[in-house]
Every structure is written in C-alpha cells, then in structure tokens.
Amino acid sequence: MIDGLGRLMWGTPRRAAATATAVAVLLLWATATFPEITAFARWILVGSPIAVLAAAFPNHTKQVAARVLGRLAAASQRIELEAIRQDLEGTLGLAVTRVTAGWPGGAVCDVRIDFIRSGADVERLPDGSLVVGVASHIHRTRNLVAAAWGWARHAVVPDARPFLDRDVSEGLDFVIARSVLHEVGGEAGAEFLRSIWSPAVAGRKRLREITNRLQRVEEHKLLGPIAISEFLELSPRMGARFPSDELFDETARFVDYLFELAVRPPGKDVGDLANFGGNVIRCRVVMVARPEVYSIKGPTPYRRAVDWAIERAYHSVYLLAAGRNSDLLMEVLEPLRVDPRVRAIKEFQSSRTATTGRVLDQVVAYVAVAVHYRVGFGQRPLVAVGPGPAREMSHVRSGRRVG
C-alpha cells in the first residue's frame, strides 16, 4: 500500500530518486548559504527527502542499499589485500636487506608479492611459481612466517639447489628464514620454530646438526661471503654434468669445514683448516694477522699464500680481517687487483659479535682465480693459469674446458 502510494505521489522510482537527489542538493546549498542553521537542522533537511523516498519505495530502496553495500564490501576487500601486500613486502624487504647486506650480488631475489584472484591468473603463472596462502590482516605473524619461509626456499641461490645435499639445502632455508624473521620480531621467530622448524626436523638428527652448523657459520658472518659465494659457482663449474652423490657429499663436507673454521678459538692458527680441496669446491682461507704480527712479517706471507692456491688450481681464495686488520687486508689486496691470474675481487663487509661481547667490523675479500683445465686423450689434466678474463678458450689449440 505504501509502495503504491509512493508511486502515486512521486511517479516511478527512478524519477522519485532524481527528485529526492535534487531536493537534497538544493537543501544542502541552502544550509551552506545560511550558516545560522544548526548542524542538526542541516542533517534533518538533507536527510528528509531520502527518508521519504525510502518510505515510499521500500523494496527498491533495499535493492539500492544492497548494491551500495556490496560495492563497499568489494572495495574494502581489495583495500585489505593491498594493505597486506604492502605490509609483507615492506617488512620482509627491509629484513632481507639487513640479513643479506654482506652477501654476493645475485644470491637472492627481491621480495615481491602478487595476489591470485582468478583461474586465469593461475594459468598465467610461470613454471616454478610459489603460491602461499595468506590469511586476514589479523593473522599478521602467520602471514610473515609463511612469506619468509617461501622466499627463503625459492629466492636464495635457486640455481645451486640441484647440486646441494638435501639436508644442506633445507638447513640453509631454515637459517635464512629464521634470520629474516628475527629481524622482523621475536613473535614471528617463535612461530617459525613452533609451526615449521620443529615438525620438519622431528626424527631427522642429521638435518638438525647441519642446520645448527650453518647457524654458527652465519653467526660468524661466513655464510654469505664464503658459503653462498661457493654455492653460486656450483652450476657454472658443473657445466653439462648432472649432480652426483659425490657432489652432495662434498657440499655437506664443505659445511662441516666452515663450521670448524668458525668455532676455532680466537687467535688460533688456521692450520689444516686453511684449505678445502674438493673436486668442485676448491678454496683457501687466509686470516690476516694482528697489526703487531703484520709489522714484523708484512704482507709477503699472505701474498705467498694466495700464490700457493693459484699455482694449485684453487678456484677461490678468501682473505679475512676484523677490526683494525681491515686496513692491512687492503694492502695485501693491492697487487692482486692487477694480477692477470685473478678473475675478480669482491669485498664483503659485515659486523659480528666476538666471544668477548665486542662488536667487530669484519671484511671478507673473495679472490676469484682465473683457472682453466685442459684435457687431451691419453693425457693427464694440465692446469693453465691466467691471464685472467681476457683469455678465451678458443685460443687453446687442443683440449676442452671441463671446469
């Protein structure tokens, strides 16, 4: 009856809506023009036409209200998703930057999050894409843990993963994700241990041991400059060869080697830990001595140590210095920068906490050796060193490069 009366007084719903809108605009102008009208009176004057319209056409009003609320709900959902995306990218991006500050370039990919909204979006995903379920913004900690865990597994040295021992690869994921979430906050780190790490290592003693060893290597800031640098070179060094059990075992032994290097007592001579001579990973570590020792021996012993590694076809030489020794390290590197046998020199700076509690600035210099192997039929492998990146293998009359 009210609906019919409304039609008789106002006409069609569309015409009535136009009339009510016009009246509301007119009254709004009037209230703005005459400031003596109180705020309450303004709301009454402007809202009256809309209230009359709703009373005259209740069913049509419900339809319009439903559509408006539906659009508001859709808009709020998109706003929430965008807020979650910006929060995850910003928070994790900052944490990743801090954790990987002393790492070689190309080791990690940036944190980027996109939402899948339709089946067409799923079809357009490239092979190897990672899909992570994201909860409401209320569950921020859960979202941070899921995103950090997914990023660590798929965005850190991805080309090296097929060549790594399984437990080494998983342990690397645990250590990196844990480090990133530690930068985010204690609650996220605790949730990662409870929901991901503890179930994964249950009954897997070797995985726990390798994870703990990698953690100690990271604490001494050797994970990025040495371990990641060597892992990045695995794929180029292997060439067309497939991964093997021997290589898996070698990567696990390399983690053990770095662990022993990290936990050695301060000031103790490196000794047998100076060299790791595997088939694919061949590197030497040189510790630059204290200033009082350097003043007696000078840079000559350290340069001889580098020469020793180059002459024996080691792929990499790492020179480490902390605190005041960093300036001495630069002096050792000076002639190597123009040495034709050196392919490249990269310096990684970081800070670590010593056993005494002091925070030390540490520099790790990565000296990449220009090593070429030549193998002929019925011959033993010959080693050709230098003259650096200018040399092309096409200049070699016989033989082929295998490493």
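Which order results if Ser351, Ser235 are arranged by neighbouring Cβ count within 10 Å, fewest first?
Ser351, Ser235
Which ³J(HN,Hα) values, rounded to whole Hz and listed in residue order, are derived for segment 297-302 from phi using the Karplus coefficients 6.51, -1.76 and 1.60 in 6.51 cos²θ - 1.76 cosθ + 1.60 with θ = phi - 60°, glycine and proline given as x?
3J(HN,Hα) across segment 297-302, in whole Hz: 9, x, x, 4, x, 6.
Add +1 for every Lys or Arg and -1 for every Asp or Glu among the other residues with Cβ under 14 Å from the Cβ of Glu334, and state the total.
That works out to -2.
To the nearest 0.05, what FRET efficiency results for Leu94 and Arg264 with a Förster distance of 30 Å applied to their C-beta separation? If you can, show how the numbers build up before the last one.
Working: r = 33 Å, r/R0 = 1.11.
FRET efficiency, Leu94 to Arg264: 0.35.
Report the local net charge at Cys283: Lys and Arg +1, Asp and Glu -1, summed over other residues whose C-beta lies under 13 Å from its C-beta.
+2
Can you tally the net charge around Phe163? Count Lys and Arg as +1, Asp and Glu as -1, for every other residue whose Cβ sits under 13 Å from the Cβ of Phe163.
Residues near Phe163 contribute -4 overall.
Work out the length of the dipole vector of segment 131-251 about its Cα centre, built from +1 on the beta-carbon of each Lys and Arg and -1 on the beta-carbon of each Asp and Glu, and round it to the nearest 20 debye.
Here the size comes out at about 400 debye.
Which order results if Arg304, Arg264 are arranged by neighbouring Cβ count within 10 Å, fewest first? Display every interim value, and only then the final one.
Numbers: Arg304 11, Arg264 15.
Going from sparsest to densest Cβ surroundings: Arg304, Arg264.
Could you line up Met330, Met287 from fewest to most neighbouring Cβ atoms inside 10 Å?
Listed from fewest to most nearby Cβ atoms, that is Met330, Met287.
Mind listing which trypsin sites (Lys or Arg not before Pro) in segment 148-243 are in a DSSP loop and have 14 or fewer other Cβ atoms within 10 Å?
Answer in residue order: Arg204, Arg241.
Taken together, the values in this text are just the output of simple stated rules run on the coordinates, not laboratory data. This is a predicted model, so every value here is computed, not measured. In this analysis, Cβ positions are derived from the backbone assuming ideal geometry, glycine residues included, and neighbour counts consider all displayed protein chains.
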